[in-house]
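The values are calculated or read from the model by the stated rules, or taken from the named source; none is laboratory data. As the structure is a computational prediction, the values presented were derived from the model and not from experiment. No Cβ is skipped: glycine too gets one built from the backbone with ideal geometry, and neighbour counts run over all protein chains shown. All accessible areas refer to the heavy atoms of the entire protein, side chains included, with ligands and DNA or RNA removed. Shrake-Rupley method; radii C 1.70, N 1.55, O 1.52, S 1.80 Å.
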Amino acid sequence: KIKRTEYRKRITNYKLPIKNLHKHMQQKIYFAQKGLVLDETKTKILVHKYSGAKYQNIKLAGKLGLPGGRIHFGEQPDDSLVREVEEETGIIITPLLPFYVWTWTYQKEDEEAQIVAVARIGIYKSGAFHEAQDEPESTIEKSFWLDIEQVNLDDFIEDEIPVIQMFLEYRKNNPFVL
């Protein structure tokens, strides 16, 4: 059993292992969602291709990613995911089950940002792709439906590969009906 003072000491001394952390930088945690959105036939997933990014250009440029983003203060998770997918792609979805949680970090001008994200299944409801657009921190070249059988993990952003792998494993073992 850990004494209360020992527990507090452990919490106080805990340091998040972030590389190249500058002492003058603020650390912030953001909560986000990514949608693994299936088309009406459930044979394709909604992806977008990045042409660049403000803070992570080397990591994102030319890679595929899942639509989604940060949850705004006071926003419900379902509303947030629907809003983010529609803003980024023009597609309106029905959000379903969360199936994966992960985190990553990156450095902005004056802050070290940590994103805690939940990947969720979504199903196409309506809408059509709109013109590619610049997001606050990235540029989306185009959004499109990718046949699940044509998924190549090397085409995806490194941080999202485990999400795609988990989905493919769940799909193969079918733990839930989509």
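Of note:
- The apolar share of the surface of region 109-174, taken as the fraction of accessible area on carbon and sulfur atoms (1.4 Å probe, ligands and nucleic acids excluded), comes to 44 percent.
- With a 1.4 Å probe rolled over the protein heavy atoms of all chains, the accessible area of MET166, MET25 falls in the order MET166, MET25, largest first.
- Taking the charge dipole of region 57-119 about its Cα centre, with +1 at Lys and Arg Cβ atoms and -1 at Asp and Glu Cβ atoms, the residue from GLY62, TYR106, THR89 reaching farthest to the positive side is GLY62.
- GLU131 contributes about 150 Å² of solvent-accessible surface, heavy atoms of the protein only, 1.4 Å probe.
- Order of exposure, largest accessible area first, which applies to VAL82, VAL47 with probe 1.4 Å: VAL82, VAL47
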